[in-house]
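Remarks on the structure that follows.
The values are calculated or read from the model by the stated rules, or taken from the named source; none is laboratory data. Computed from a predicted structure; not experimentally measured. Cβ sites come from the backbone with ideal geometry, for glycine too, and all protein chains shown count toward neighbours.
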Amino acid sequence: MSQPYVILDTGMSLNGIFINDKHYVNQLNEYRKQELRGRVDAIVVSSADIKLRDYEYKVKTSIMKQPELVILDKHCQTPPDSLALSDEKKKVIMVISKSASPSRVREIRKAREDVEIITIGEHTINLEKTLWALYERGAHKILVEGDPKLNTRLIRERLVDEVYVMIYPVLVEGGKVAIGAKIEGDKTLMIEGILQYGDHAVLHYKVNTPR
């Protein structure tokens, strides 16, 4: 069965701790992220990321393509008034599990009647089946802006083709490792480029490990 091409975009401190705080993001990096979003068919995010930062996932205004926003939310806990759901011009798909509360689903539908809600998995979301479902809906190229748990699952299950890692010029105390806290086996990468945005650096890799 065909699967989409998956790009993982994440950020970390110099000591490897996950960062998604907008206070660390400079304007050049935000421009890079908006341009990258404009090159894909869908942007996949987790409800955990939405709850940590209320964010719109904007696309560069000069790009006519408007990718759909896919929210992975096994318990349907995304706040109905979140910015991610506020743009009615943006198609939103919410992927939930069978364990999601029906009342929470109703709250989301009340906030956005046009949100497409699909159920994949019993108590957790099956990522591989989710990618298949998105491919069948026309999303052949996907950008994932994940939290550490989602990043690790995607890498562990060999579902990623390309990786961008923003290195922020900061050392962070505590926090979670951005990628690969609990992966199994080695994953080999091939560097495609190193980009500099002020004091920030972006490492760009292709994943060599076959799916």
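Tallying residues that are of a type in the set (S, T, Y) and either part of a strand (DSSP E or B) or on the phi > 0 side of the Ramachandran plot (or both) within the range 1-38 yields 3. Scanning the range 126-143 for residues that are crowded, with 20+ Cβ neighbours inside 10 Å and more than 13 Å from Q3 (Cβ to Cβ) turns up just one, L143.
Within the range 92-116, restricting attention to residues that are hydrophobic (A, V, I, L, M, F, W, C) and surrounded by 18 or more Cβ atoms within 10 Å (Cβ to Cβ), the residue that is farthest from Q66 (Cα to Cα) is A100. Residues in the range 144-196 that are buried (at least 21 other Cβ atoms within 10 Å of the Cβ) and on the phi > 0 side of the Ramachandran plot: there are none. Can you find, within the range 54-65, the residue that is nearest to G175 (Cα to Cα) among those that are out of contact with any Leu (no Cβ under 8 Å at 6 or more places or on another chain) and surrounded by 14 or more Cβ atoms within 10 Å (Cβ to Cβ)? Among those that are out of contact with any Leu (no Cβ under 8 Å at 6 or more places or on another chain) and surrounded by 14 or more Cβ atoms within 10 Å (Cβ to Cβ), it is K58. For the criterion of being closer than 10 Å to C76 by Cβ and either at pLDDT 95 or above or touching a strand residue (DSSP E or B) at 6+ places or on another chain (Cβ under 6 Å) (or both), I125 fails.
Of the helices (runs of 4 or more DSSP H) entirely within the range 89-172, those holding at least 1 residues that are touching a residue at least 40 places away in the same chain (Cβ under 8 Å) and among the charged types (D, E, K, R) occupy 127-136, 148-156.
Take the conditions (1) touching a helix residue (DSSP H, G or I) at 6+ places or on another chain (Cβ under 6 Å); (2) under 24 Å from G175 (Cβ atoms); (3) loosely packed, with under 15 Cβ neighbours inside 10 Å; L14 misses just one of them, which is (1). Being among the aliphatic types (A, V, I, L, M) and within 18 Å of the chain's Cα centre (by Cα) is a property that I142 has. Restricting to the range 100-127, count the residues that are within 18 Å of A84 (Cβ to Cβ) and touching a helix residue (DSSP H, G or I) at 6+ places or on another chain (Cβ under 8 Å). Residues in the range 100-127 being within 18 Å of A84 (Cβ to Cβ) and touching a helix residue (DSSP H, G or I) at 6+ places or on another chain (Cβ under 8 Å): 6 in total. Scanning the range 57-79 finds no residues that are in contact with a Lys or Arg (Cβ under 8 Å, 6 or more places away or on another chain) and assigned to a helix (DSSP H, G or I).
Scanning the range 160-181 for residues that are under 21 Å from the mean Cα position of the chain (by Cα) and more than 20 Å from L52 (Cβ to Cβ) yields V160, D161, E162, V163. Listed by first and then second residue, the pairs with beta-carbon distance under 8 Å, at least 6 apart or on different chains, first residue in the range 37-56 and without any contact (Cβ under 8 Å) to a residue 60 or more places away in the chain and more than 19 Å from C76 (Cβ to Cβ), second in a loop (DSSP other than H, G, I, E, B) and among the hydroxyl-bearing types (S, T, Y), are E56/S86.
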